[in-house]
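Enquirer: Quick one: the structure is below, and I'll ask about it shortly.
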Amino acid sequence: MSDEESPPTPIVSKKDKNVIPSASADSQAKHPDMSLAQSIHRLLMIRQGHLPPSSYDVPALRRSVVDAAVSDSNPSLYRHVASLLDWRDSDPGSPSPAALSALDSANAATKADLEAAVTAARDSAGDAEVLAASLAVARYAARSEPYAPAAAAYDAVLALPKIGGGRKIDAWIEEARVADFHGETRAAARAVEEATKAAEAGGDWDRRNRLKVYGALSKLKGRDIKGAAALLIECIATFSCVELCSYTDFVLYTVVSNVLHLPRTDLKAKIIDGPEVVSVQSEIPAVFDLVRSLHDCDYRGYLKAVVELHPLLVADRYLQRHAGYIVRELHVLGYKQFLDSYKSVTLESMAGSFGVGAEFLDLQLSRFIAAGRLTAKIDKFGGVVETNRPDMKNAQYRDMIQKGDLLLNRIQKLTRVVDM
């Protein structure tokens, strides 16, 4: 890279311009900072060789992580990240062991003061004061301590005898975010599930709406792409969970999940022409190139967009673990849509449409056909791909005959019982 060039910087989301936080979102704890979790993930992907160093301004990304850990008085987080990324105390910008020890001591003193406030509230104040003091302990732990003490602090809040329904939902949501930040996927899913149950029993619309986003990202982590897609598209116009992810990231999750499941007509109406989605298209152009090229049957552009999308998937902590799966499903989607237009097509012609070699296409189609993902067969001698579309009318006729036989058998058995 020349001296005049600088590495591309991470996309800065326009979430503050596009999204107005809801009332319950304003009352949520500001920590843990989920954008910090994304930065740590990207540094880890670069360290492991899954992303090229030129993808981001690595020194700036590192400084942001170090500064956040120090300003949040979170030495345990810094030590954990340093061990993952092989940072040394002698590296420029690294806090000294003495500075980290000082943060440990300050944390212990602050936590002792907060816990003393809880004890004082129990002795001489009411339930509201006890709740506020307990919540202060939990939020400080979420900001400055590892997962275990933070989760325990939120469990203590939830165990209070007279906590209101809205406060309980908020506490579950915050605990879910703490678990998510620390990579505790099962604990995060459990907290979201508990919050959803509480919201169904008496939560307001705003909290139920925000829980859909939390539930969608929980499903996304568990590779329930279809379930996540339905929730994400439902919240596209009412997104307010700015404490969980940026609006641009939310649109990325929505488009990537829904392109795999929405029919083309809905894809056009809800994604391509959706005003909320279009508002951030300049920030993630590869995603919109993918959707438009698929809708317009521009298969060469579509496969190019799939390649350009892959680094975005790897750079995101929710999508990285599913990057290979998503790319494979996108290939299947493109090949299936193309083959649906033909009864037979030559490998050379299809390869030309997708801008790939015939041998590469033959290998990919063979894998997908063998796995039952494409209803086609390859005539290797003739160099032709023949589609085997299921005959829906005959299938429906056979299904009707089978159900009719079953019904007649049941009627005959009932007749014998009546005659007896």
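Enquirer: Scan the stretch 277-297 residue by residue and report those that are open to solvent by 10 Å² or more (accessible area, probe 1.4 Å), within 19 Å of VAL356 (Cβ to Cβ) and touching a residue at least 40 places away in the same chain (Cβ under 8 Å).
Expert: Within the stretch 277-297, just CYS297 meets the criteria.
Enquirer: Ok, one more. If you go through the stretch 172-203, how many residues are touching a residue at least 24 places away in the same chain (Cβ under 8 Å), within 18 Å of PRO32 (Cα to Cα) and open to solvent by 40 Å² or more (accessible area, probe 1.4 Å)?
Expert: Total satisfying the criteria: 3.
Enquirer: Here is a further query. If you go through the stretch 115-131 one residue at a time, do you hit one that is over 27 Å from ILE173 (Cβ atoms) and not in a helix (DSSP H, G or I)?
Expert: No: the stretch 115-131 contains no residue that is over 27 Å from ILE173 (Cβ atoms) and not in a helix (DSSP H, G or I).
Enquirer: Moving on. So the check is Cβ under 8 Å with 6+ separation or different chains; which pairs have a first residue in the stretch 379-401 that's open to solvent by 80 Å² or more (accessible area, probe 1.4 Å) and a second one that's at pLDDT 80 or above?
Expert: LYS380/ASP362; ARG389/ASP340; ARG389/THR375; PRO390/THR375
Enquirer: Is it the case that ARG300 is in contact (Cβ under 8 Å) with a residue 24 or more places away in the chain and part of a helix (DSSP H, G or I)? First the steps, then the outcome.
Expert: Values: in contact (Cβ under 8 Å) with a residue 24 or more places away in the chain: yes; part of a helix (DSSP H, G or I): yes.
Criteria met by ARG300.
Enquirer: Taking interchain pairs and intrachain pairs at least six residues apart, which have beta carbon atoms under 8 angstrom, with the first residue in the stretch 131-142 and closer than 17 Å to GLY164 by Cβ and the second among the aromatic types (Phe, Trp, Tyr) and part of a helix (DSSP H, G or I)?
Expert: ALA138/TYR154
Enquirer: Also, I was wondering about something else. Take the residues in the stretch 258-277 that are within 20 Å of the chain's Cα centre (by Cα) and in a helix (DSSP H, G or I), then tell me which one is farthest from HIS331 (Cα to Cα).
Expert: Let us first name the residues in the stretch 258-277 that are within 20 Å of the chain's Cα centre (by Cα), namely 258-262, 267, 270-271, 276-277.
Then keep just the ones that are in a helix (DSSP H, G or I); that gives 258-259, 267, 270-271, 276-277.
Working: ASN258: 15, VAL259: 12, LEU267: 17, LYS270: 22, ILE271: 20, GLU276: 27, VAL277: 23 Å.
So the residue we want is GLU276.
Enquirer: Residue check: is VAL327 open to solvent by less than 80 Å² (accessible area, probe 1.4 Å), modelled with pLDDT of 90 or more, under 27 Å from PRO311 (Cα atoms) and hydrophobic (A, V, I, L, M, F, W, C)?
Expert: Working: open to solvent by less than 80 Å² (accessible area, probe 1.4 Å): yes; modelled with pLDDT of 90 or more: yes; under 27 Å from PRO311 (Cα atoms): yes; hydrophobic (A, V, I, L, M, F, W, C): yes.
In short, yes.
Enquirer: Just to be sure, is SER124 among the polar types (S, T, N, Q) and surrounded by 13 or more Cβ atoms within 10 Å (Cβ to Cβ)?
Expert: no
Enquirer: Quick one: which of PRO21, PRO8, PRO92 is over 30 Å from ALA195 (Cα atoms), at pLDDT below 90, within 25 Å of the chain's Cα centre (by Cα) and assigned to a loop (DSSP other than H, G, I, E, B)? Give the derivation first.
Expert: Details: PRO21 fails: over 30 Å from ALA195 (Cα atoms); PRO92 fails: within 25 Å of the chain's Cα centre (by Cα).
None of the other options fit; the residue is PRO8.
Enquirer: Next question, about the same structure. Go through TYR140, TYR147 for me and flag whichever is closer than 21 Å to ALA37 by Cα, out of contact with any Phe, Trp or Tyr (no Cβ under 9 Å at 6 or more places or on another chain) and open to solvent by less than 60 Å² (accessible area, probe 1.4 Å).
Expert: On the way: TYR147 fails: out of contact with any Phe, Trp or Tyr (no Cβ under 9 Å at 6 or more places or on another chain).
It is TYR140.
The values are calculated or read from the model by the stated rules, or taken from the named source; none is laboratory data. Since we're looking at a predicted model, the values are computed, not measured. Quick reminder, even Gly has a Cβ in these numbers, built from the backbone with ideal geometry, and neighbours come from all protein chains shown. Ligands, DNA and RNA are stripped out before the accessible areas are found, and what is left, the full protein with its side chains, is counted by its heavy atoms. Shrake-Rupley method; radii C 1.70, N 1.55, O 1.52, S 1.80 Å.
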